[in-house]
Amino acid sequence: MPGYRRQLYRDDAVVLRVQKLGESDRIITLLSRRHGRLRAVARGVRRTTSRFGARLEPFGHVDLQIAGDPNGNIGGGLHTVSQVEAIQLYGKRFLDDYPRYTAACAIAETAERLSPIEREPSQRLFLLTLGALRALAAREHAGTLVLDAYLLRGMGIAGWAPALAECAVCGTRGLHKAFSVPAGGAVCPDCRPPGSAHPAPATLDLMIALSAGDWTVADAAEPGARRECSGLVAAHLQWHLERGLRSLPLVDRTTGEEQK
Amino acid sequence: MYEGAIQDLIDELGRLPGVGPKSAQRIAFHILSADPADVTRLATVLNRVKDQVRFCTTCFNVAESEQCRICRDPRRTNEFLCVVEEPKDVVAIERTGEFRGRYHVLGGAINPLEGIGPDNLRVRELMARLGSGEVKELILATDPNTEGEATATYVALLVKPMGIDVTRLASGLPVGGDLEYADEITLGRAFEGRRAV
């Protein structure tokens, strides 16, 4: 294959998704620190004798060595995972907590969708995703709050952060009462398009707190504000992604823990 | 590109999982050169599979009648119910010869990334079976990966309030392997699940 060099390169990455391939292989989708989103084949990892299959389960932070061209030429087929070391396997912390597992799935799918081009490095998205999984595993905050904070900040990295402290249309500063997803966030009475939502002031306060990482305010938010916030964040994200996230409707928001 | 029937055969074979265009071509030419009796037998079996094989109405394993062989067997106990993801898992457990209870095939595992939630599996049918009160122990034998563990956690959450014992298959070291070659997660799970001897 002219111009194609298969070489070994190393990076640390978060495992976003695994898909079965053939008899015993898997295609692993990774969000790496220096090479952006990657897809690589892990051979034989579904066999019980695999020496690193367990390290390539979803949501793990791993250090890997990959065989392929780091510049993105895939003339020799998909890249291959040759070695894996675990840095922190967050996935196993969600195994006994179904709501957190569903939230982690939504984080992983969002990370994949916010990095549409393979091998385009985005260290901010990598660090945000890693931080979100770490926070989810630490169980210091409700899983849905961590998810909504991740979605809001992820949209910020993608350039679609909703306007919260100013009017999305005219830029007038202040806390506005109406929220319009097509307009791009909170809107003032003069700019408010028909059909805008009117969330409770506490909901907008919660969205601002989640965007800024003010967990004191976020943790104290009432269940009603949390529900409304999740709805607005999901609607805003899906508007910009055009195609809905498959995992978001399956996020379990019903447990008592979410109400704490 | 070939003409007519041979190209149609290559196209159809290429739609099968794990069969690429080259393999499809190789299989098509093998069929072309095979004995006509062998090809007729293959075609008959393919038709029979689609006509006669269905899912068991009780456990959703593959069957050729209303109920599968295991559900019809009166020598098996109804007190133990083993939950698996796919019919091939039933075969794997049956090969051990250790289990004399019944099965329930969920039809997959919860995987939100693929849009598969509890409503896409046969969880509701499982709950209906457990409602009869015959089952004393529910054994969760889903795959020991993230999706399988999440599915087991979800089912356990639903079933525990019913007062039924819920157990999970042990996971750990493969028989015949060397300890030094075990990865840290498997070895950790083996430690967690250690038992008195």
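Points worth noting:
- Contact order, relative form, for chain B: 13 percent (alpha carbon pairs under 8 Å, 6 or more residues apart, mean separation divided by residue count).
- Centre-to-centre, using Cα atoms only, region B:164-187 and region B:113-153 are separated by 21 Å.
- Neighbourhood net charge (13 Å Cβ-Cβ; Lys/Arg +1, Asp/Glu -1) for A:Arg37: +1
- Long hydrophobic helices in chain A: the complete DSSP H runs spanning 20 Å or more by Cα along their own axis with mean Kyte-Doolittle hydropathy of at least -0.5 are A:98-113, A:123-138, A:143-158, A:223-241.
- Kirkwood radius and radius of gyration were both taken over the C-alpha atoms of the protein assembly as shown, and their ratio Rg/Rh is 1.02.
- Across A:Met207, B:Met127, the residue with the most accessible area heads the list, and the full order at a 1.4 Å probe is B:Met127, A:Met207.
- Residue order for A:Lys92, A:Lys177 - accessible surface, 1.4 angstrom probe, largest first: A:Lys177, A:Lys92
- Cα centroid separation - region B:34-89 against region A:146-192, whole Å: 55 Å
- Between B:Val84, B:Val45, B:Val123, the residue with the greatest mean-square fluctuation in the GNM of chain B (Cα pairs under 10 Å linked by springs) is B:Val45.
- Surface listing: A:Trp160, A:Trp239 arranged by accessible area from highest to lowest gives A:Trp239, A:Trp160, probe 1.4 Å.
- Estimated at the nearest 10 Å², the accessible area of B:Glu66 is 120 Å² with a 1.4 Å probe.
- Within-14-Å neighbourhood charge of A:Pro199 [Cβ basis; K, R +1; D, E -1]: 0
- Between the helical axis of B:21-33 and the longest alpha-carbon principal axis of chain B there is an angle of about 60 degrees.
- Candidate lysines for bridging to B:Lys88, where Cα separation is under 20 Å - those fewer than 8 sequence places away on the same chain excluded: A:Lys20, B:Lys50
- Highest-MSF residue in chain A out of A:Leu164, A:Leu250, A:Leu30 [GNM, Cα springs under 10 Å]: A:Leu250
- Most mobile listed residue (A:Ala135, A:Ala108, A:Ala13) in chain A, GNM with C-alpha springs under 10 Å: A:Ala135
- The protein assembly as shown - share of DSSP beta bridges that are antiparallel (%, nearest 5): 70 percent
- Summed over both chains, the contact between B and A buries some 2200 Å² of accessible surface at a probe radius of 1.4 Å.
The values are calculated or read from the model by the stated rules, or taken from the named source; none is laboratory data. From a predicted model like this one, the values you see are computed outputs, not experimental measurements. Because the Cβ atoms are built from the backbone with ideal geometry, glycine has one as well, and the counts that use them run over all protein chains shown. Keep in mind that these areas ignore ligands, DNA and RNA; they rest on the heavy atoms of the full protein, side chains included. Shrake-Rupley method; radii C 1.70, N 1.55, O 1.52, S 1.80 Å.
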